Amino acid sequence: MTDEPGANGDGARELPIAEPPQRVSGLRFPASWRLPGKPADLTAAAEDAWRQTGFQMGDDLRQLQAGIDLQLALAKTGYTPGARTMIMAGFAGLWSRAFLGTTDAAGLIRRGGYQSALALIRQAIEFVAAQANLGHELDSWRRWTHEAYGRHTETRSIEVGTGHYFGGEAIAGDPHLRVIYRAASDFARPNFGPTALLVANEANHERYPLIFADEAFHLGWAQLQLGWLLRLGLIQLHTAMHLPQQFPAPSELREQIVAYVAEIERLLSDPSRCRVEEVEDEAGRRRHLLVEFRRQSADAPRRLLF
């Protein structure tokens, strides 16, 4: 995370960083965007997962597509001449990466690639959070624009620079982002518990039924991960709606977004839906409680603590 802009180590205020020297040119947006289509070479298990996801999670997929359409319409307002600045580009660049990560993750979820989708979801959270935080730390973006693309003599290269940035405060400050990010991170890493959940779903204290490269449909994973993507879409729309100078949405689009948010909140509030809750144990540790977890709708739901 960057330091607070405008302050040095002695608490004195620094002069504001000048506006970026670049101008936004060649700005392009896709005319439309669809969720990934069905691959031609799926395994039998992934083929069945694609079919069952479309049947059992159809509402989620339709609402995810509707959210993608709204995001694209809102992002396109950045093309407005008064909005077409490098400040807009700073937000839009992170948004673009979150947008692609979200749609790519949706394609994996539809084919039973739940473990691969976890890393993309975690990444998308970081991009969404970075946008939410960037408005408070624009000098970090301005500073990078001034330092980037210079000539590095020693290596005879163009020095782009990494421009390290992470929106940790936005993750910590949002109750939804915090829970999803911690869970997606812990489940995506090589931790033993989540690994067992992905490769030996029915394991217990007596048996460990290992399934290597499991791509079978799992209702719990599909509900959990598609729900996370829908929630990220709401946070993305909320962030951009509060950037009217960069994304000046017309009133009709804003009304469509407000109605969409209400519909998604209703969908995600279903108590029978698989979800992760954050709980604190006797030692004061924050842990993940996986609720309503089951492979098929007819199975008895389980509550699993990690």
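I'd like to know if segment 241-255 contains one or more residues that are surrounded by fewer than 14 Cβ atoms within 10 Å (Cβ to Cβ), part of a helix (DSSP H, G or I) and of a type in the set (G, A, S).
Checked against the condition, which is being surrounded by fewer than 14 Cβ atoms within 10 Å (Cβ to Cβ), part of a helix (DSSP H, G or I) and of a type in the set (G, A, S), segment 241-255 yields at least one hit.
Taking segment 193-221 as the region of interest, how many residues are in a helix (DSSP H, G or I), under 17 Å from L108 (Cα atoms) and not β-branched (V, I, T)?
So the answer is 4.
Of the numbered conditions (1) part of a helix (DSSP H, G or I); (2) touching a Leu at 6+ places or on another chain (Cβ under 8 Å); (3) under 30 Å from Y149 (Cα atoms), L100 fails exactly one; give the number of that condition.
(2)
Take the conditions surrounded by fewer than 21 Cβ atoms within 10 Å (Cβ to Cβ) and either in contact with a strand residue (DSSP E or B) (Cβ under 8 Å, 6 or more places away or on another chain) or of a type in the set (S, T, Y) (or both) and apply them to H176. Does it pass?
No.
Might you let me know whether segment 192-201 holds any residue that is under 25 Å from R286 (Cβ atoms), within 20 Å of the chain's Cα centre (by Cα), surrounded by 13 or more Cβ atoms within 10 Å (Cβ to Cβ) and of a type outside the set (G, A, S)?
For segment 192-201, residues under 25 Å from R286 (Cβ atoms), within 20 Å of the chain's Cα centre (by Cα), surrounded by 13 or more Cβ atoms within 10 Å (Cβ to Cβ) and of a type outside the set (G, A, S): present.
Inside segment 280-294, can you point out the residues that are out of contact with any Pro (no Cβ under 8 Å at 6 or more places or on another chain) and modelled with pLDDT of 95 or more?
R287, H288, L289, L290
Can you pull out the residues in segment 137-188 that are part of a loop (DSSP other than H, G, I, E, B) and at negative phi?
Result: E137, A148, T153, E154, T155, V160, T162, H164, Y165, F166, G167, D174.
Given R302, R231, which one is at pLDDT 95 or above and more than 19 Å from F99 (Cα to Cα)?
R302
For E255, indicate whether it is of a type in the set (D, E, K, R) and within 21 Å of the chain's Cα centre (by Cα).
no
Applying the selection to segment 142-162, what residues are surrounded by 14 or more Cβ atoms within 10 Å (Cβ to Cβ) and of a type outside the set (G, A, S)?
Across segment 142-162, the qualifying residues are R142, R143, W144, T145, H146.
Considering segment 31-79 alone, what residues qualify as being touching a Leu at 6+ places or on another chain (Cβ under 8 Å), hydroxyl-bearing (S, T, Y) and either surrounded by 16 or more Cβ atoms within 10 Å (Cβ to Cβ) or part of a loop (DSSP other than H, G, I, E, B) (or both)?
Selection gives S32, T53, T77.
Which pairs turn up if I take residues in segment 285-303 that are without any contact (Cβ under 8 Å) to a residue 60 or more places away in the chain and within 14 Å of A183 (Cβ to Cβ) and look for partners that are surrounded by 15 or more Cβ atoms within 10 Å (Cβ to Cβ) and β-branched (V, I, T) with beta carbon separation below 8 Å, at least 6 apart in sequence or on another chain?
Close Cβ pairs satisfying both conditions: L289/V276; V291/V276.
Working only within segment 107-136, note down all residues that are in a helix (DSSP H, G or I), touching a residue at least 24 places away in the same chain (Cβ under 8 Å) and over 23 Å from F247 (Cβ atoms).
Result: G107, I109, R110, Y114, Q115, A117, L118, A119, I121, R122.
The values are calculated or read from the model by the stated rules, or taken from the named source; none is laboratory data. Remember, predicted model here, so these are calculated numbers, not experimental data. Quick reminder, even Gly has a Cβ in these numbers, built from the backbone with ideal geometry, and neighbours come from all protein chains shown.
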